[in-house]
Amino acid sequence: MSGIIDSRERVLGRIRAAARNFAAADPQPAAKDAQELAGADAAIPRRYARSGRLSAEARMALMAERLREYGAEVAVCKPEELAAAITQQIAASGRRIFVAPPGIPVAWRVEVANKIKGFECSFDHGLQIGEIEQAEGVMTAAFCGIADSGTIVLHHSASEGRRMLTLLPDWHLCILKASQVVETLPEYFDRCPQPPALVTWISGPSATADIEMTRIQGVHGPRFLNVILADDRGKEPAVH
Amino acid sequence: MSAPGGQLDDRAILDPAHAPPFPAAALTVLRDPQLRKNVAHATDVIQAKRALLVAEKTDWQELRSAASRIKEEALDHLGAYLKQFEERCTAAGGTVHWAADAAEARRIILEILREEKAEEVIKIKTMTSAEIQLNPFLEAAGIRAHETDLAEIILQLGKGEPSHIVVPALHVNRSQVREVFARRMGIEDLSDDPQALTAAARGFLRRKFLTVPMAISGANFLIAETGAVVVVESEGNGRMCLTLPRTLITLAGIEKVLPRFADLEVMLQLLARSATGERMNPYTSLWTGVRADDGPQRFHVVLLDNGRSSILARRTGRQTLKCIRCAACMNACPVYRQTGGHAYGSVYPGPIGAILTPQLEQMQHAQSLPYASSLCGACYEVCPVKINIPEVLLELRARVTDQERRQARRIFDPLYIGLRVANLLFSRAWLFHAAQWAGRIGLRFFTGKDGWIHRLPGVGAKWTQTRDLRGLPRQTFHAWWTGRRQAIGNRH
Ligand code: SF4
């Protein structure tokens, strides 16, 4: 593989040579390695909105509105009604074969199973692709919601599941608490003191406009997105 | 229909080394009303949606400024950030390869595929792979590459070429898509309803996603701070390719690197709004190396130079590398909106293509592209990272002219003779006045009673064939001014 190692030197050498073109005029010559770059972002003008202005109530309403604009279904409930809301959504969907990540409370499954005949939910302790593909629906939590763009963020923790879990089933039920909803995208980044290793930002069900710019919902990802917003305001912030 | 026999367009050549010059290629398209209608419709729809969403964003200009600075800073220290990316990605279990040019990138990818004994590979739309002409290369090596983006399937099955970097098949209409799908997927009774066509693609690809163990993707961003890769998409075919296969290869231009994870808070607000007129695209994926229980267990990144470092060395041209490939500039461009993408003879069309392609080709090909612009500045205004495209176009025109001037055959080129004469006239006042005087007398023979020149002989006819020329006034401004000053002087 020596040819490839040479290429690394060649590319980096060309980049260094390009930087030398400006070296004389540049008070800040190109850094050689990442250590020298500490604090480089101080020079970036961040005068865009870094925080929201809405009340908690308006923020929730905006989140719901944006999600609906994407064609997602939204239900709002109190935290203690959560299991009932889940049951209701699943009953209405007509779907019975479910998968869920291991971090979803078993009590919810029990409650739904008690109310809906034929309901089955396998927890993902290493399910095979085929088993996940067979499922008609998936139920997960989320890391964060961004109201401004109606975005749901998954960091794929134990309650959010592996990536394929929210990809293969056709119907995704996502449970989001009001305390997890921020107004603007930068506020989400403020909630990530450590950059996450795995993220999926979901804004509505999968879609395409490739044929004559006609928006078609549901290409390869789930065709249906249902969101339950649990209004836990005034309670302890959700422990994730 | 753009072409008979169900071919979406078999005339487009998107290799700058072999494509005809822009004016010649554009002529073909201008004679195809269906294609022009398709392009106008698509760009109108995206532009209208974009305009609404940009208007609601009160901090749009501040976001643009921040994005522009972030990209500039990344380019200023590109070497250091790439090394940081390499180190972090490797620490997370990825393998980083460097490719100095297209041939090397193709070879690296083929080597990986051979090691994996791959016969097939699924692909997420990546313009970079089109830039290095990866698919025909893999095909020749006996590996079938399946495109999975709806637009790319349309083009691959119909043997067409992309004409836009975000909506590559925007020049194709529904009945053309229906025809191709019905024939290539073997579905007899397919309707031309986009819903039905999309469903057909879903069914067609599902098995591939579940069975093909190799995938190739591009990258929208590489994060130096963490070694993560970001892919922005709509359909979920990206998530399929990034999640289900055993091995994933990501091909990325070296300019895709962003210093920090938090820089995405700016980029993700700009990209979807500019590209598709959405507040956010349906799916954005970020992953870092490999994770034991989730996704591909072998992950390769190929960092591609292929002319980019030579662009970095140019003071004016280097801003081209800030591009985040949103396509807003082509949707806004009055030239692109008439010609569509194929006339640009490159996988990168529109204003960004007009500056990127000749530079990637190191000014050896595509020299007509810097002229494929009216310099109206619409592209600069919509560009989310504030690339001053007209400025770069002008610089490239100067470089093309310098190149041509050095060619011996230009000595007798009428254009260059004319310019040399003009140069002489404009640098000496007395010669200039004499020329004006001669011109006024000479043109009087051709000027009609209405003060317009309708027909000129010789080279001049090239102008009057298509438009009239106003005759020269009886008095020059200079003469009028001198006369006026004297008149005022006399009064005092
Ligand atoms: S040049 Fe600017 S507007 Fe054009 S594709 Fe690149 S980022 Fe978008």
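The values are calculated or read from the model by the stated rules, or taken from the named source; none is laboratory data. Note that the structure is predicted; figures quoted are calculated from it, not measured. Note that we place each Cβ from the backbone using ideal geometry, even for glycine, and neighbour counts take in every protein chain shown. We work out accessible area using only protein heavy atoms, side chains counted, and drop any ligands, DNA or RNA first. Shrake-Rupley method; radii C 1.70, N 1.55, O 1.52, S 1.80 Å.
Under a no-solvent Debye model with one identical scatterer per Cα of the stretch B:231-285, what's log10 I(q)/I(0) at q = 0.15, 0.22 Å⁻¹? The Cα Debye sum returns log10 ratios of -0.53, -1.02. For the peptides B:462-470, A:187-195, the ranking by packing is A:187-195, B:462-470, with the highest mean count of neighbouring Cβ atoms within 10 Å listed first. Here the accessible area of chain B is 55 percent carbon and sulfur, with a 1.4 angstrom probe and all protein chains present. For chain B, the longest principal axis of the Cα atoms and the long axis of helix B:429-444 meet at an angle of about 80 degrees.
For the pair A and B, the buried accessible area comes to roughly 7800 Å² in total, with a 1.4 Å probe and the value rounded to the nearest 100. Taking springs between alpha-carbon atoms closer than 10 angstrom, which of A:148, A:33, A:124 fluctuates most in the Gaussian network model of chain A? The residue that fluctuates most here is A:33. Here chain A is treated with +1 on each Lys and Arg Cβ and -1 on each Asp and Glu Cβ, and its dipole about the Cα centre works out to around 380 debye. Entry note, the protein assembly as shown: the mean residue ellipticity at 222 nm calculated from DSSP H runs of n ≥ 4, each adding -39500 (n - 2.57), is -13000 deg cm²/dmol after division by the residues and rounding to the nearest 500. Ordering B:180, B:216, B:201 by the projection of their Cα atoms onto the charge dipole of the stretch B:166-222, which places +1 on the Cβ of Lys and Arg and -1 on the Cβ of Asp and Glu, puts B:216 at the extreme positive end. Percent of Cα pairs in the stretch B:414-491 per distance bin of 5 Å, from zero to the largest separation: 3, 13, 16, 19, 21, 14, 7, 4, 2, 1.
Once both axes come from the Cα atoms, what is the angle between helix B:389-405 and the longest principal axis of chain B, in degrees from 0 to 90, rounded to 10? Here the helix axis deviates by roughly 70 degrees. Accessible area per residue for the protein assembly as shown, computed on protein heavy atoms with a 1.4 Å probe, is 43 Å². What GluC sites (Glu not before Pro) does the stretch B:69-142 have in DSSP loop regions with at most 14 other beta carbons within 10 Å? Those satisfying the criteria are B:119. Given a cut-off of 22 Å, what percent of all Cα-Cα pairs of the stretch B:1-123 lie beyond it? Distances greater than 22 Å cover 70 percent of the Cα pairs. Within chain B, the cysteines lacking any other cysteine Cβ closer than 4.7 Å to their own Cβ are B:89, B:241, B:323, B:326, B:333, B:376, B:383.
Comparing the full protein assembly with the isolated chain (1.4 Å probe, heavy atoms, ligands and nucleic acids excluded), the residues of the stretch B:221-236 losing at least 40 square angstrom of accessible area are B:235. Modelled spin labels at residue B:474 and residue A:61, positioned 7 Å past Cα toward Cβ, are 7.3 nm from each other. Over all directions, the projected convex hull of the C-alpha atoms in the stretch A:180-222 averages 4.6 nm² in area. Note that chain B shows a convex hull volume over its alpha carbon atoms of 208 Å³ per residue. Annotation for the stretch B:84-110 versus the stretch A:159-235: alpha-carbon center distance of 31 Å.
Can you tell me the relative contact order of chain B? Whole percent, Cα pairs under 8 Å, sequence separation 6 or more.
Relative contact order comes out at 20 percent.
Percent of Cα-Cα pairs more than 34 Å apart in chain A, please. When every Cα pair of chain A is considered, 33 percent fall beyond 34 Å. Once you reduce the stretch B:242-308 and the stretch A:105-145 to the center of their Cα atoms, the two points are 29 Å from each other.
Each Lys and Arg Cβ is given +1 and each Asp and Glu Cβ -1; about its Cα centre, chain B then shows a dipole of about 2540 debye. Each Lys or Arg adds one and each Asp or Glu subtracts one; over the other residues with Cβ under 9 Å from the Cβ of residue B:147, this totals 0.
Taking A:214, A:200, A:151 as the candidate residues, the one with maximal mean-square fluctuation in a Gaussian network model of chain A, Cα springs under 10 Å, is A:214. For residue B:480, the accessible area of its heavy atoms, probed at 1.4 Å with every protein chain present, is near 110 square angstrom. Expressed as a whole percent, the accessible surface of the stretch A:124-240 that belongs to carbon and sulfur atoms is 50, based on a 1.4 Å probe.
Under the definition of partner shielding as Cβ atoms of other protein chains within 10 Å of a residue Cβ, what is the mean value for peptide A:145-155?
Mean partner-chain Cβ count within 10 Å for A:145-155: 3.
The mean count of C-beta atoms from other chains within 10 Å of the C-beta of residues in A:43-52, rounded to a whole number, is 6. Extending 7 Å from the Cα toward the beta-carbon at both residue B:141 and residue A:136 defines two label points whose distance is 4.5 nm. The spacing between the stretch B:140-171 and the stretch B:438-473, judged by their C-alpha centroids, is 51 Å. For the stretch B:196-213, a drop of 50 Å² or more in accessible area on going from the chain alone to the assembled protein chains (1.4 Å probe) is found at B:198, B:202, B:206, B:210. The Rg/Rh ratio for the stretch B:171-281 is 1.06, where Rg is the radius of gyration of the alpha carbons and Rh is the Kirkwood radius.
Can you check what the net charge comes to around residue B:413, using other residues whose Cβ is under 14 Å from the Cβ of residue B:413 (Lys, Arg +1; Asp, Glu -1)? That works out to +4. In plain terms, the bigger the Kirkwood radius, the slower the diffusion; for the protein assembly as shown, with that radius from Cα pairs, at 20 °C and 1.002 mPa s, Stokes-Einstein puts D at 76 µm²/s. Its convex hull of Cα atoms gives the stretch B:352-462 a direction-averaged projected area, equal to a quarter of the hull surface, of 10.4 nm². The amide H of residue B:220, built 1.01 Å from its N in the peptide plane, has B:230, B:231, B:232 as neighbours under 5 Å, considering only residues 5 or more places off or on other chains. Phi angles of the stretch B:157-168 translate, via the Karplus equation with coefficients 6.51, -1.76, 1.60 and θ = phi - 60°, into HN-Hα couplings of 5, x, 6, x, 10, x, 10, 7, 8, 10, 10, x Hz per residue; Gly and Pro are given as x. About the centre of its Cα atoms, the stretch B:414-491 shows a dipole size close to 200 debye [charges on the beta carbon of Lys, Arg (+1) and Asp, Glu (-1) only; nearest 20 debye].
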